[in-house]
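Any read-out appearing in this document is the output of simple, stated calculations on the displayed coordinates, not a laboratory observation. Nothing here was measured: the structure is a model prediction, and the numbers come from that model. Here Cβ is always computed from backbone atoms with ideal geometry, including for glycine, and neighbour counts include all displayed protein chains.
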Amino acid sequence: MRRRSMRLLTGNEGISARGETFRASVRAKAPREMVVRKYAKDIEEEAKRKLISEAYKKAVDEQTFDVLGYPDIEEIQFSRGQPLQFAATVETSPEFELPEYKDIPVKVERPEGQR
């Protein structure tokens with residue numbers, strides 16, 4: 001196995017789109033300031049988790065190597081109005097070229113007493 005690191009950066013559109021969805025869903029139910037004050041950390045953590053998941057999946061789909069297992073996510077930089085940045089370290093399948101193996105002579109030894 002081999003470890004690879006990727007530095008990923010998302011655009012602001014993901015963060016602002018999630019904010020619009022949040023605003024629309026709570027508009028009629030509670031004053032926005034109260035909801036933000038009480039749930040700001042939870043909202044931020046959920047948005048960060050979803051954005052990291054989406055960006056990681058997109059990056060892996062664009063790569064040519066096979067990822068094994070789950071990534072180690074580090075160096076998360078996340079703030080309102082700024083793009084999300086993070087580093088993902090993953091284990092990948094080893095890369096190698098298989099030599100020509102057809103037509104290799106093989107000597108088969110049979111145990112004594114068998115034909």
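Suppose R0 equals 30 Å. What FRET efficiency, 1/(1 + (r/R0)^6) with r the Cβ-Cβ distance, do Asp103 and Leu68 give to the nearest 0.05?
On the way: r = 32 Å, r/R0 = 1.08.
My answer for the efficiency is 0.40.
Computing FRET efficiency as 1/(1 + (r/R0)^6) for Val60 and Arg80, where r is the C-beta to C-beta distance and R0 is 35 Å, gives about 0.85. Put a dot 7 Å past the Cα of Arg32, heading toward its Cβ, do the same for Glu95, and the two dots end up 4.8 nm apart.
Could you calculate the contour length gain from Ala87 to Glu44, that is, 0.36 nm times the residue separation minus the distance between their Cα atoms, to one decimal place in nm?
On the way: separation 43, 0.36 × 43 = 15.48 nm, distance 1.86 nm.
Once the chain is fully extended between Ala87 and Glu44, it gains 13.6 nm.
The local environment of Arg3, defined by Cβ-Cβ distances under 12 Å, has a net charge of 0 under the rule Lys, Arg +1 and Asp, Glu -1.
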